[in-house]
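Novice: I have a structure I would like to understand better, so I am pasting it below and will then ask my questions one at a time.
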Amino acid sequence: MSMTFNRKLPIPKEIKEMYPITEEIKQVKEARDKEIADVFTGKSNKFLLIIGPCSADNEDSVMDYINRLAKVQEKVKDKILIIPRIYTGKPRTNGTGYKGLIHQPDPTKGEDMLQGLIEVRKLHQRAIAETHLTCADEMLYPENYRYLSDLLSYVAVGARSVEDQHHRLVASGMECPVGMKNPTSGTLSVMFNSIQAGQAKHTFIYRGWEVVSDGNPLCHAILRGAQNKHAQTLPNYHYEDLKLCYDLYMEKGLQNPAIIVDTNHSNSGKQYLEQVRISNEVLHSMRHSEEIRGIVKGLMIESYIEDGAQKIEEGTYGKSITDPCLGWEKSEKLIYGIADQL
């Protein structure tokens, strides 16, 4: 019943100095950040697709996937902004299993968090350099954000983290949009409390410093479904759910009301093929309500090269080793279908 301190990891400033961004990456990120922010503030009516693997488990297959996305992005750029998912920290329901690239740069080998931090930074840099698409990651560990703060254009706070004070306070100081998922219980008041905390100014301890945050006006809701006490999944993407979320936003008077609908997880009951139908239903709801059309800013979709999921030892290229994902052929068709409906 103790902890062993293996080694002290470099601070974010040191890793950034070891692997600095180029001027080109900096300019790409600035332009993308503005484009994405304009969607959340209502200056742009483009639709966001935060799409990609459940977890980024292999650099080559992840880059193959993102390069494919970049070609599609060019064809739908007038209507859709694609933000690839490079999720490098994977929350685990019972604490076991693959915890992401940051833990295991090679899923078939042991944990090496120093190399993981390096590989994660290099992967995000490579994605921007090759595709000019800046990406999203999940804030599993709030103290790790600074390792990627000059690269990320979107951050999600997961259902198991959204009630955590530290996640909320760090989100208030982030320089990009932060999506707050509803908790696994589905209680919307928890999610809205998190959004309110993220939009407010705070003083708190972060990485050994006393820091003051400005508040993040781009903190917003992600609806991902829920579970009841019998572990039955309860979706929250239907018309009535979106309208309720809109009404709660209006009641609370939060800045930049916005909803992203997560089409997998408890919304699909982890039936990944349902993501196509769910996406289409959300778009249908948007067509039937100006209020919903104005507040739903995009979708979050789990997608990879191959359909489904596998065990690590199976080794199929481009197939998820965590939650099952929609394969590339279906994903590409879905993106074009979404664009046609906007």
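The values are calculated or read from the model by the stated rules, or taken from the named source; none is laboratory data. Predicted, not measured: the structure shown is a model, and the values here were computed from it. With ideal geometry, Cβ positions are generated from the backbone for all residues, glycine too; neighbour counts draw on all protein chains shown.
Novice: Could you pull out the residue among Glu17, Glu23, Glu35, Glu30 that is surrounded by 14 or more Cβ atoms within 10 Å (Cβ to Cβ) and modelled with pLDDT of 95 or more?
Specialist: On the way: Glu17 fails: surrounded by 14 or more Cβ atoms within 10 Å (Cβ to Cβ); Glu23 fails: surrounded by 14 or more Cβ atoms within 10 Å (Cβ to Cβ); Glu30 fails: surrounded by 14 or more Cβ atoms within 10 Å (Cβ to Cβ).
Among Glu17, Glu23, Glu35, Glu30, only Glu35 is surrounded by 14 or more Cβ atoms within 10 Å (Cβ to Cβ) and modelled with pLDDT of 95 or more.
Novice: Sort through Met113, Met180 and tell me the only one that's of a type in the set (A, V, I, L, M), out of contact with any Gly (no Cβ under 7 Å at 6 or more places or on another chain) and on the phi < 0 side of the Ramachandran plot.
Specialist: Details: Met180 fails: out of contact with any Gly (no Cβ under 7 Å at 6 or more places or on another chain).
On inspection, the qualifying residue turns out to be Met113.
Novice: Met3 versus (1) loosely packed, with under 15 Cβ neighbours inside 10 Å; (2) on the phi > 0 side of the Ramachandran plot: which is the lone unmet condition?
Specialist: Looking at each condition in turn, Met3 falls short on (2).
Novice: A further question on this structure: Check Gln125, Gln104, Gln115 and return the single one that is in a loop (DSSP other than H, G, I, E, B) and surrounded by 14 or more Cβ atoms within 10 Å (Cβ to Cβ). Steps first, please.
Specialist: On the way: Gln125 fails: in a loop (DSSP other than H, G, I, E, B); Gln115 fails: in a loop (DSSP other than H, G, I, E, B).
The conditions single out Gln104.
Novice: Let me ask something additional. For segment 151-165, name all the residues that are polar (S, T, N, Q) and surrounded by fewer than 23 Cβ atoms within 10 Å (Cβ to Cβ).
Specialist: Within segment 151-165, the first condition is being polar (S, T, N, Q), and the residues that meet it are 153, 161, 165.
Listed by number, the residues that qualify are Ser161, Gln165.
Novice: Would you mind listing the helices (runs of 4 or more DSSP H) fully within segment 214-312 where at least 3 residues are under 17 Å from the mean Cα position of the chain (by Cα)? Quick ask: steps written out before the conclusion?
Specialist: Working: elements: 239-252, 265-268, 274-287, 290-295.
The qualifying helices (runs of 4 or more DSSP H) are 265-268.
Novice: Of all residues in segment 166-207, how many are surrounded by fewer than 16 Cβ atoms within 10 Å (Cβ to Cβ) and not in a loop (DSSP other than H, G, I, E, B)?
Specialist: Total meeting the criteria: 4.
Novice: Let me ask something else. For segment 58-96, which residues satisfy the criterion of being hydroxyl-bearing (Ser, Thr, Tyr) and within 15 Å of the chain's Cα centre (by Cα)? Write out each step before concluding.
Specialist: Step one: list which residues in segment 58-96 are hydroxyl-bearing (Ser, Thr, Tyr), which gives 61, 65, 87-88, 93, 96.
If the condition is that a residue be hydroxyl-bearing (Ser, Thr, Tyr) and within 15 Å of the chain's Cα centre (by Cα), then Tyr87, Thr88 are the ones that fit.
Novice: Of all residues in segment 251-279 being more than 20 Å from Leu81 (Cβ to Cβ) and charged (D, E, K, R), which is surrounded by the most Cβ atoms within 10 Å (Cβ to Cβ)?
Specialist: Glu274
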